[in-house]
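See below for the structure under consideration.
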């Protein structure tokens with residue numbers, strides 16, 4: 001049975017028992033809800049364990065029911081560290097004072113897929129079709145909209161969006177024929193079961209943008225910020241970190257600079273209007 005986040009946020013303690021007597025408090029690692037709750041636990045539990053070992057204090061894995069409430073909880077300071085979409089990370093930096101830590105080596109790019117037998121082969125074939133897609137606040141929605149605009153189309157007019165709770169729902173809606181096309185990030189698509197991947201065909205891909213971002217709440221001092229940064233940049237050197245990279249397919253973590261953050265600015269407008 002799937003877990004649901006409608007009542008409370010997902011909160012899974014990941015620290016090892018030897019850390020129970022740590023002199024400092026627990027850190028909440030907030031993961032934006034781009035996957036189902038069970039998928040978040042499966043993929044990110046090793047990362048939380050790695051951070052707990054590296055920082056010497058307990059780490060809780062936390063999420064939210066949807067993007068909007070994740071943004072609200074980020075603003076409220078419920079998360080000590082956030083793993084988030086680039087535009088949501090940039091908003092957290094500019095509006096809430098979160099401090100950049102790292103970015104994934106994997107860049108966000110969306111694959112438009114259809115069932116193998118569907119008569120869809122290019123952008124022009126999408127006119128008049130339906131597309132299963134993430135929330136309107138997602139980077140996926142914006143990237144798909146930009147791609148359609150390059151072909152003289154837009155969501156809600158020439159192409160009908162079917163909004164889904166997570167990208168696993170996108171795949172299911174496409175396979176069941178509830179949508180003509182599915183929009184799914186390539187990092188998610190690569191983790192889809194082989195039998196599902198074999199049943200679909202990729203039509204095209206959107207442009208690529210900076211990948212997921214990691215930021216830390218401004219209440220933490222420079223010393224802890226640097227330790228958090230070092231822990232993320234050293235993920236590959238530790239067994240639990242390697243397990244996370246293997247499961248998530250997001251590549252390693254890299255330094256996050258001001259130039260990368262500025263590149264994301266065009267995508268934050270949809271959030272700043274909220």
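Read-outs: derived from the displayed coordinates by stated rules, not from any lab. Here the structure is a predicted model, which is why all the values come from computation and not from measurement.
To the nearest ten degrees, helix 86-96 and the longest principal axis of the Cα atoms of the chain are 50 degrees apart.
Report the antiparallel proportion of the DSSP beta bridges in segment 110-205 as a percent, rounded to a multiple of 5. Could you put the intermediate results ahead of the total?
Values: 9 of 16 bridges.
Expressed as a percentage, antiparallel bridges in segment 110-205 total about 55.
Just the number, please: percent antiparallel of the DSSP beta bridges in the chain, rounded to the nearest 5.
Expressed as a percentage, antiparallel bridges in the chain total about 60.
Rg over Rh of segment 137-274, using C-alpha atoms and the Kirkwood radius, what does it come to?
On the way: Rg = 18.1 Å, Rh = 17.8 Å.
On the Cα set of segment 137-274, Rg over Rh gives 1.02.
Computed from Cα positions, the angle between helix 239-248 and the longest principal axis of the chain comes to roughly 20 degrees. Summary value for the chain: 27 percent relative contact order, contacts being C-alpha pairs under 8 angstrom separated by 6+ residues.
Classified by the C-alpha gyration tensor, the chain has a prolate form. Its axis ratio a/c, with a ≥ b ≥ c, is 1.5 or above, and a/b is larger than b/c. Working from Cα positions, state the angle (0 to 90°, nearest 10) between the long axis of helix 37-55 and the longest principal axis of the chain. Helix 37-55 sits at roughly 30 degrees to that axis.
Dividing the summed helix terms, -39500 (n - 2.57) for each DSSP H run of n ≥ 4, by the number of residues in the chain produces a 222 nm estimate of -10500 deg cm²/dmol to the nearest 500.
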